[in-house]
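Encoded as structure tokens, the structure appears first; notes follow it.
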Amino acid sequence: MIYYTISMERKELGQLLLEKGLISGAQLEEVLELQKKEKKFLGELLLEKGYVKREDLIEVLTEQKKADYVDLSKIQGIKPELVKLVDENIARRFICIPIAKEEDTLVIAMKDPTDIVAIDTLRRLTGLKIRVVKADETKITTLIEKFYSGLDNIPQAISELEATPEEKEEVDITQLKVAAEDAPIVKFVNSLFVKAIEKRATDIHLEPREKDVSVRFRIDGILYNFPSPPKNAYPGIVTRIKILSNLDIGERRLPQDGRIKIKIGLKEIDIRTSTLPTIYGEKVVMRLLDKEKLVLNMEELGFEKEELEKFKNALKKPYGMIIVTGPTGSGKTTTLYSGLTYINTPEKNIVTIEDPVEYQLEGINQVQVKPKIGLTFANVLRHLLRQDPDVIMIGEIRDLETAQIAIQASLTGHLVITTLHTNDTVSTISRLYYMGVEPYLIADALNLVIAQRLVRRICTECKVIDEEGTEILKSYEIKNDKIKAYKGKGCSLCDFTGYYGRIAIYEVLEFTKEIREMILKKKSDDEVKEFAIKQGMKTLRESAIKKVINGITTLSEALTVTI
């Protein structure tokens, strides 16, 4: 990596400003004389005098010496002692962080590498020469939180927990609160959040066992072990999480659900907390919802062109029903949200019924169900029809009553979008039938059923040809010699897993006239599926194999996720 210093030579900057007609010769002379007394940068004085606009000055400085851009997510091994060369208040004020030191020169990543005030301040406070590189603001603030909050080291937080007193079998609420506010406990919980976000985890699992505690992060759909706290500190950790989640810390016998909102730099994370009593203590699972990672653009979800057009056409219809199926964590909600965003216009009244509301969508009315007070899916849906909705999204059909009301709504001029837990598209028909929905209602109401899964993406930094996978592809009647399978060999970016991120694969069943007739005749799932494939439906396996051919995922991932 080559870094470029932004030079602050007075004569060069002054000449450039004069050449562009941004200042006069008299103004330059005045400021140069003033600079001898005040020992400030030329640009800083010009700004104070009002002789030049800040945006014009930045443009000239950028033209004079452009700073190189650095991707902070790819820099490994930034030392805490190096970061501490710059005071935390200064780092936060100027949104900057040291990333390297070369003899007497400190390399600083900055949001604005042309900020002359910041550079001069850093030079004076550190006593070193300063070289600057431009970096993403969010990534800088994340590192600031990581290093200055002392949250970058889970093992260190764990070592401090070792001194935590042994918890007794019976502990009163006062003792629990005191333990939860203990500095090592607070530090460990905070470090857990920061590390999970840094590792792109979607879930944090804390599981008490007989003699120890298990800590696991779910990353790209797979659980990985992480350093665990001592067993005697675990009740205090759970209590701390409960306090943050507004849960009853005195209740350990029943499951509880809560939410936490945290902010790390400019990033806001919504955390859904769930506790479950086990024989060794309370198990805690926290789902991290990062709004920045929510994909609302349908073209980015993973649909093939033909399947995407079918989805869009179904969304444009004024009434009918669209069902998205798949297991928990397969991205169904994201697909629903992207569909709602696609049709969200001021002319439409869109209402959702969810449990829970995962993300807040602009311009859409979202309702959170609360079964404890009778606010169930069916109850809300029944009253919702009086609210004159055009589009209704139901988070999940869980019972016959909800299914019947939803289908009736779709037959009376409403577009209904919902989810159901089935393995593939065709299974949705038999699932509704066994729930108690009549075949003629299923045939009349449904327009489209989408089944989906998530597959891991190959890390682009360590992507190589998979010779063995390429050979196996031939067994799928793919005879094109130019087609290759790929895999990730593992690198520091993907934590040596070979994968980075996930993408959806889809199976889309369009309810044609022939399909509707087969449902009315109560044809079996296998018969309907066979006919749908003849009509052009691509199965989940075929969709996954297409992702392999396009070099997006591995063959082993495609075969593991689909049947």
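The values are calculated or read from the model by the stated rules, or taken from the named source; none is laboratory data. For clarity, every value in this text was computed on a predicted model and none was experimentally measured. All Cβ positions, glycine included, derive from the backbone under ideal geometry; neighbour counts span all protein chains shown. To get the accessible areas, we keep the full protein, side chains included, count just its heavy atoms, and leave off ligands, DNA and RNA. Shrake-Rupley method; radii C 1.70, N 1.55, O 1.52, S 1.80 Å.
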The helix 54-64 Cα axis meets the longest alpha-carbon principal axis of the chain at an angle in degrees, between 0 and 90 and rounded to 10, of 80 degrees
Below 8 Å between Cα atoms, with a sequence gap of 6+, how large is the relative contact order for the stretch 203-305 in percent? 23 percent
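For the chain, count all C-alpha to C-alpha pairs, find those more than 39 Å apart, and express that count as a whole percent of the total. Don't skip to the answer; put the middle values down first.
Numbers: 72501 of 158203 pairs.
I get 46 percent for the Cα pairs in the chain exceeding 39 Å.
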Once you place label points 7 Å from the Cα toward the Cβ at Y224 and R253, how far apart are they in nm? 4.1 nm
With everything on Cα atoms, drop me the angle between helix 137-148 and the longest principal axis of the chain, reported from 0 to 90° to the nearest 10. 80 degrees
Among G326, S228, F41, whose Cα projects farthest towards the positive end of the dipole of the chain, with charges put on the beta-carbon of Lys, Arg (+1) and Asp, Glu (-1)? G326
If I model a spin label as a point 7 Å beyond the Cα along the Cα-Cβ vector, how far apart are those points for I533 and T412 in nm? 4.0 nm
About its Cα centre, the chain carries a charge dipole, from +1 on Lys and Arg Cβ atoms and -1 on Asp and Glu Cβ atoms, whose size in debye to the nearest 20 is 240 debye
Between the stretch 296-342 and the stretch 479-537, the Cα center-to-center distance that results, in Å: 15 Å
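What number, in percent, do you get for the relative contact order of the chain if the mean sequence gap of Cα pairs under 8 Å and at least 6 apart is divided by its residue count?
Values: 964 pairs, mean separation 50.2, N = 563.
Reported as a whole number, the value is 9 percent.
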Per residue accessible area of the chain, 1.4 Å probe, in Å²: 49 Å²
On each of the three principal axes of the Cα atoms of the stretch 267-334, give max minus min coordinate, whole Å, ordered largest first. 51, 29, 22
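Using DSSP to define loop residues, name the GluC sites (Glu not before Pro) in the stretch 332-392 whose beta-carbon has at most 12 other beta-carbon atoms within 10 Å.
Values: sites: E347, E354, E358, E362; in loops: E347, E358, E362.
Passing sites in the stretch 332-392 are E347, E362.
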Can you send over the carbon and sulfur percentage of the accessible area for the stretch 321-380, probe radius 1.4 Å, protein chains only? 52 percent
Expected vector for the stretch 271-282, Karplus 3J(HN,Hα) from phi with 6.51, -1.76, 1.60 and θ = phi - 60°, integer Hz, x for Gly and Pro, equals 10, 8, 9, 9, 10, 9, x, 10, 5, 10, x, 8
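Once the mean 1/r over all distinct Cα pairs of the stretch 98-145 is inverted, what Kirkwood radius in angstroms do you read off?
11.0 Å
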Taking the dipole about the Cα centre of the stretch 350-487, with the C-beta of Lys and Arg at +1 and of Asp and Glu at -1, give me whichever of I350, Q366, Q387 is farthest to the positive side. Q366
Got a sec? What order do R456, R124 fall in by accessible area at 1.4 Å, biggest, i.e. largest, first? R124, R456
Largest-first ordering by accessible area, 1.4 Å probe, given options E251, E507, E517: E517, E251, E507
Report the Stokes-Einstein translational diffusion coefficient (µm² s⁻¹, integer) for the stretch 431-563, Rh taken as the Kirkwood radius over Cα pairs, at 10 °C with viscosity 1.306 mPa s. 95 µm²/s
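Within the P(r) computed for the stretch 216-311, what percentage of the Cα pairs occupies the region above 23 Å? List each step's numbers first, then the result.
Working: 1979 of 4560 pairs.
Considering the stretch 216-311, 43 percent of its Cα-Cα pairs are separated by more than 23 Å.
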Any idea what % of Cα-Cα pairs in the stretch 300-415 are farther than 17 Å? 55 percent
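Dipole magnitude of the stretch 107-151 about its Cα centre, charges +1 at Lys/Arg Cβ and -1 at Asp/Glu Cβ only, in debye to the nearest 20? Kindly include the intermediate steps, with their values, before the conclusion.
Details: 8 positive and 6 negative charges, 48 e Å.
Computed charge dipole of the stretch 107-151: roughly 240 debye.
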Tilt of helix 10-19 relative to the longest C-alpha principal axis of the chain, in degrees (0 to 90, nearest 10)? 70 degrees
Given +1 on the Cβ of Lys and Arg, -1 on the Cβ of Asp and Glu, and no further charges, what dipole in debye does the stretch 341-476 carry about its Cα centre, rounded to the nearest 20? 300 debye
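Normalised radius of gyration for the stretch 63-129, please: alpha carbon Rg relative to 2.2 N^0.38 Å, two decimal places. Can you show the working numbers first?
Values: Rg = 11.6 Å, N = 67, 2.2 N^0.38 = 10.9 Å.
Output field value: 1.07.
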Give a residue-ordered list of calculated ³J(HN,Hα) values for the stretch 240-251 (Karplus: 6.51 cos²θ - 1.76 cosθ + 1.60, θ = phi - 60°; whole Hz; x for Gly, Pro). 4, 5, 5, 4, 5, 8, 6, 9, 7, 6, x, 9
Furthest towards positive pole of dipole, H414, L520, L18, structure part the chain, Cβ charges: L520
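Tell me, what is the FRET efficiency for V285 and F496 to the nearest 0.05, using R0 = 22 angstrom and their Cβ-Cβ distance as r?
With R0 = 22 Å, the Cβ-Cβ based efficiency is 0.30.
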Distance in Å, no decimals, from the C-alpha centre of the stretch 89-132 to the one of the stretch 205-242 is 38 Å
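May I ask you to compute the full-extension gain from K74 to Y434, defined as 0.36 nm times their residue separation minus their alpha-carbon distance, rounded to one decimal in nm?
That works out to 124.4 nm of additional length.
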D390 to E299: FRET efficiency via 1/(1 + (r/R0)^6), r the Cβ-Cβ distance, R0 30 Å, to the nearest 0.05? 0.80
Long-range amide H partners of D466, meaning residues 5 or more apart or on another chain whose placed amide H is closer than 5 Å, are A485, Y486, K487
Separation between the E210 and E268 pseudo-spin-labels, each 7 Å from Cα along Cα→Cβ, expressed in nm? 4.7 nm
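State the Kirkwood hydrodynamic radius of the stretch 214-269 in Å, one decimal place, computed from all pairs of distinct Cα atoms.
Hydrodynamic radius (Kirkwood, Cα pairs) of the stretch 214-269 is 13.5 Å.
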Quick one: what are the phi-derived ³J(HN,Hα) couplings along the stretch 183-188, Karplus 6.51/-1.76/1.60 with θ = phi - 60°, whole Hz, x for glycine and proline? 3, x, 5, 4, 5, 5
Suppose R0 equals 35 Å; then what is the FRET efficiency for K521 and K316 from their Cβ-Cβ distance, rounded to the nearest 0.05? 0.75
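Taking Rh as the Kirkwood radius computed over C-alpha pairs, what is the Stokes-Einstein D of the stretch 398-467 at 25 °C in a medium of viscosity 0.890 mPa s, expressed in µm² per second?
Numbers: Rh = 14.4 Å.
Roughly 170 µm²/s, to the nearest whole number.
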Unpartnered cysteines - no second Cys beta carbon under 4.7 Å - across the chain: C96
Run the numbers for E19 and T560: contour at 0.36 nm per residue of separation, minus the present Cα-Cα distance, in nm. 188.3 nm
